[in-house]
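See below for the structure under consideration.
The values are calculated or read from the model by the stated rules, or taken from the named source; none is laboratory data. Keep in mind that this is a model prediction, so the values were computed, not measured. FYI the Cβ positions are ideal-geometry reconstructions off the backbone, even for glycines, and counts take in every protein chain you see.
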């Protein structure tokens, strides 16, 4: 792709102004807005001019708070037009998010204003005055300039700030440049075969990297259509996403692993038989560990819908590298690796036969995208690992971002990795993985590894055993973590349960499963209602927040855990 996204929008609006870029489904079913290339260019120019008329200067940061996808995109491109740096934020789902997340981002970004769509109900209307502190101006996405519309700011460097999910610590603003976006969109095109005829259908939040860069921005980059719905519509009725793929002949879709389980659990055979998903080419499964069982359930359930089984595409990415790093190539099936569990605890990879006793199942996350240099590094010594060893994923390449906003120490820690004999600076991802014939296989996050009696265990492996231990345990609804009790590290499991099962039976089944699979005693099992375990907007489990939730429910003092 030549030029940046603003250049591409202007070129597209001049050459093919009626190109349909975005269709908005406010409830996942009914259209509420459409944006052509001309519409987006004109509204972006109007808002960009209004921002400058309101006194904002290039380089100023504004909070972008807009729930409707069409208004969000107008706001983002309007900020880019003016040279203003947007920091996208979701309206809080709960009041406590104001202080635990939104206020932190507002203050960390040093925001000069808020750009917001007309509030969607009383809750959003009440949030804006709190976020602005009655000091920051609130500028509507529908603002019209009083004078002549300005040309786009010429010296465009920073495109926007992507605040990290905060799954392991407080959020930080990743600096995405226009060059980063162009590079990563080219990676997306190479790995996912985007063309001008492709049709994205996405429910992932635009405030998240996967929802924005993969689910929406390809429309401007490649002149294709994206059908967008709020995440809340999908969570309420997952079938709406599938129906939109059917109705709009969608070719590409996106979801974390849990979303595919939801689609199976909340649809009937009759509904599936009424869907035609034969147009689907790529369904990205990313943002959380990918599970073969989920893939197989989904493919089996929607075979009646003419879904090609090879469309299910595990992928890996992170905000610090724009988004996409690896993906399973289109028209190929994701690979599954069986490895010796005891060797894995020593960071060694010893392959076993499928289903062998004492083996762990790992799903591959696809091949590395063009332009990337991916290394597997010992996180303690900084030495590159030989083949067959697990280590931290280090990444270099044009998609790797410039660092964290106003945090030089954190930037150096995360983005300053160096290897002997190489000039590149590498991003230390914090993710543990190994490479097999060019495919990345992610084992877990360094900070989430459970270490008990000297054994290193990945929580997602424990969680999988928990979730298949009893039919009442919600798939994707468990969290495993370690706590200190009686002077030693012990294991705690929090599990979401569906219906009204006998709690003692569920707890006993969970304990037995963990003992059988890992020879570990579970210090405590806490059963909670579905969707209680904290997750980020992209579906990542927040195990630190779950540990806090467990402590609060059990009435424990922080010093005891």
Item to check | Of all residues making up the stretch 303-336, the number that are without any contact (Cβ under 8 Å) to a residue 24 or more places away in the chain and assigned to a helix (DSSP H, G or I) | outcome: 2
Checklist outcome for this item: Expected single match for out of contact with any helix residue (DSSP H, G or I) (no Cβ under 9 Å at 6 or more places or on another chain) and within 19 Å of residue 351 (Cα to Cα) among 388, 421, 417 is 388
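Given 504, 495, which one is crowded, with 22+ Cβ neighbours inside 10 Å and either assigned to a loop (DSSP other than H, G, I, E, B) or free of Cβ contacts under 8 Å to residues at least 40 places away in the same chain (or both)?
The match here is 495.
Could you grab me the full set of residues in the stretch 268-289 that are more than 13 Å from the chain's Cα centre (by Cα) and part of a loop (DSSP other than H, G, I, E, B)?
Result: 268, 274, 275, 276, 277, 278, 279, 280, 281.
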Next on the checklist: Can you tell me which condition residue 118 does not meet? The list is (1) in a helix (DSSP H, G or I); (2) surrounded by fewer than 21 Cβ atoms within 10 Å (Cβ to Cβ); (3) touching a strand residue (DSSP E or B) at 6+ places or on another chain (Cβ under 9 Å), and all the others hold.
Outcome noted: (1)
Checklist outcome for this item: Among (1) at pLDDT 95 or above; (2) at positive phi, residue 224 falls short only on (2)
Next on the checklist: Looking at the stretch 140-183 only, could you name the residues that are more than 25 Å from residue 68 (Cβ to Cβ), surrounded by 21 or more Cβ atoms within 10 Å (Cβ to Cβ) and at pLDDT below 90?
Outcome noted: 167, 172
Item to check | Matching entry among 339, 374 (being closer than 25 Å to residue 257 by Cα, free of Cβ contacts under 8 Å to residues at least 60 places away in the same chain and outside any loop (DSSP other than H, G, I, E, B)) | outcome: 339
Next on the checklist: Consider the stretch 443-474. How many of its residues are in a strand (DSSP E or B), surrounded by fewer than 23 Cβ atoms within 10 Å (Cβ to Cβ) and at pLDDT 80 or above?
Outcome noted: 1
Item to check | Unique residue being free of Cβ contacts under 8 Å to residues at least 60 places away in the same chain, outside any loop (DSSP other than H, G, I, E, B) and surrounded by 24 or more Cβ atoms within 10 Å (Cβ to Cβ) when the list is 201, 264 | outcome: 201
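For the stretch 243-256, check the following and say yes or no: at least one residue is in a helix (DSSP H, G or I) and crowded, with 23+ Cβ neighbours inside 10 Å.
The answer is yes, given that some residue of the stretch 243-256 is in a helix (DSSP H, G or I) and crowded, with 23+ Cβ neighbours inside 10 Å.
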